[in-house]
Amino acid sequence: MYEIVAREDFSDSTFLLEVHHPLLSKAAKPGQFVIVMSHADGERIPLTIADFSPDRGTITLVIQAVGKTTREMQQNNRVGSGLYALVGPMGVPSHIGDAGKVICVGGGLGVAPVYPQARAFKQRGAYVIGIVGFRNKDLIFWEDRFRAVSDELIICTDDGSAGIKGLVTDGIERAIQAHSDIDEVIAIGPPVMMKFAAEVTRPYQIKTLVSLNPIMVDGTGMCGGCRVSVGGEMRFCCVDGPDFDAHQVDFDELMSRLARFRKEERRALERWDRSDNCRLLQEDRDVSD
Ligand SMILES: Cc1cc2nc3c(=O)[nH]c(=O)nc-3n(C[C@H](O)[C@H](O)[C@H](O)COP(=O)(O)OP(=O)(O)OC[C@H]3O[C@@H](n4cnc5c(N)ncnc54)[C@H](O)[C@@H]3O)c2cc1C
Ligand code: FES
């Protein structure tokens, strides 16, 4: 068991777990991920290492509860409990080169995985323009952390309740217009966001990297479940990625493959909702008894 030493809930669906794992905390690099089993019968799911602290001997995960496993974790993984298994660090670390000026873009949950890259670029001496996007101001998290590693920070909200009203693509366009010397853009978020971020930078021929999130099974390059098309070639996200050249990625194929098991995912969630393990339902029953 790997003990959960801190938890923070950012919204109804997004939460942070800080997990004690001294070895992993020393080995982790920006861009890498872990495969987690929250309990002995649990599914294995990939989660990005959103932060790591060798001093505290911990890694940090930021999780969005979208289906059976992540909702189960949201319900059960409290401080003092533990994660059953944790494998990593996995994947190729992000290349933190000698770019002089970079834009680091996080859309929604993507703010967490792009943060260690922004920090690493800042530590390398780059001028960092952070762009974070959320549906509204209540969903904003890690603004303070991002601000601390950014020379400029652009906040975008869909409804204009904080920062500029618009999508992160509007923020990217704004930053490019203000700076003609951007060396690199790193954009992490939902696939559709990464697809359109790539289209904004393409005409300017600015190197753009994205971190892909296909469905993974073994995470070791054996099953082919995470295959993605990049520049017309098949690549395995777990061992060749997760970072790839955004201008070469076939995002439409990625999105269609992500939807392949929707029926099974819905059934698993419904089964769990009906089971005695789902505390929400249990609480409803207690109230009506
Ligand atoms: C390298 C990598 C890093 C990731 N990092 C994080 C992270 O830091 N935090 C986090 O919350 N999630 C992350 N994910 C996604 C996470 O693994 C999935 O959300 C999780 O496996 C869903 O499991 P579930 O049983 O809760 O939902 P499921 O029942 O499997 O799916 C529920 C819904 O989520 C969608 N979904 C399923 N898998 C993915 C996926 N891989 N990406 C996007 N949508 C998906 C499904 O289409 C469905 O609509 C990452 C994925 C990869 C490949
Ligand atoms: S998850 Fe099986 S090859 Fe990548």
Cβ-based net charge around H95, under 12 Å, with every Lys or Arg adding one and every Asp or Glu removing one: -1
For a quick check of understanding: with a 1.4 angstrom probe and all protein chains in place, what accessible area in square angstrom does E3 have, to the nearest ten? 90 Å²
Express in Å², to the nearest 10, the accessible area of D170 obtained by rolling a 1.4 Å probe over the protein heavy atoms while all chains stay in place. 80 Å²
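How many percent of the accessible area of the chain is carbon or sulfur, using a 1.4 Å probe?
49 percent
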Taking 0.36 nm per intervening residue step and subtracting the Cα-Cα distance, what contour gain separates N76 from V239 on full extension? 55.6 nm
When the Kirkwood hydrodynamic radius is evaluated over all pairs of different C-alpha atoms of region 2-90, what value in angstrom, to one decimal, is obtained? 12.7 Å
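Between V66 and S256, 0.36 nm times their residue separation minus their Cα-Cα distance comes to what?
Gain in length upon complete extension: 66.7 nm.
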Accessible surface ranking that places the most exposed of L258, L23 first, with a 1.4 angstrom probe: L23, L258
Suppose every K and R has +1 on its Cβ and every D and E has -1 on its Cβ; what is the size of the dipole of region 2-90 about the Cα centre, in Debye to the nearest 20? 200 debye
Here, V217 and D98, labelled 7 Å along Cα→Cβ, have an inter-label distance in nm of 4.4 nm
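So how strong a dipole does region 101-258 carry about its Cα centre when Lys and Arg Cβ are +1 and Asp and Glu Cβ are -1, to the nearest 20 debye?
Roughly 280 debye, rounded to the nearest 20.
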Quickly work out the H179-to-R147 label distance, labels modelled 7 Å from Cα along the C-beta direction, and quote it in nm with one decimal. 1.9 nm
Using only the C-alpha atoms of the chain, find the volume of their convex hull and express it per residue in Å³. 138 Å³
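Keeping all protein chains in place, calculate the accessible area per residue for the chain (probe 1.4 angstrom), answer in Å². Could you put the intermediate results ahead of the total?
Numbers: 13880 Å² over 289 residues.
In whole numbers, the chain has 48 Å² accessible per residue.
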With springs connecting C-alpha atoms under 10 Å apart, model the chain as a Gaussian network and identify which of G88, G42, G97 has the largest mean-square fluctuation. G97
Once you charge only the Cβ atoms, +1 for Lys and Arg and -1 for Asp and Glu, what is the size of the charge dipole of region 99-185 about its Cα centre, to the nearest 20 debye? 240 debye
For H20, the accessible surface traced by a 1.4 Å probe with all protein chains present amounts, in square angstrom to the nearest 10, to 80 Å²
Additional length obtainable on full extension of the chain from Q123 to R44, 0.36 nm per residue less Cα span: 25.1 nm
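The values are calculated or read from the model by the stated rules, or taken from the named source; none is laboratory data. Here the structure is a predicted model, which is why all the values come from computation and not from measurement. Glycine also receives a Cβ, built like all others from the backbone with ideal geometry; neighbour counts cover every protein chain displayed. Surface accessibility is based on the protein's heavy atoms, side chains included, excluding ligands, DNA and RNA. Shrake-Rupley method; radii C 1.70, N 1.55, O 1.52, S 1.80 Å.
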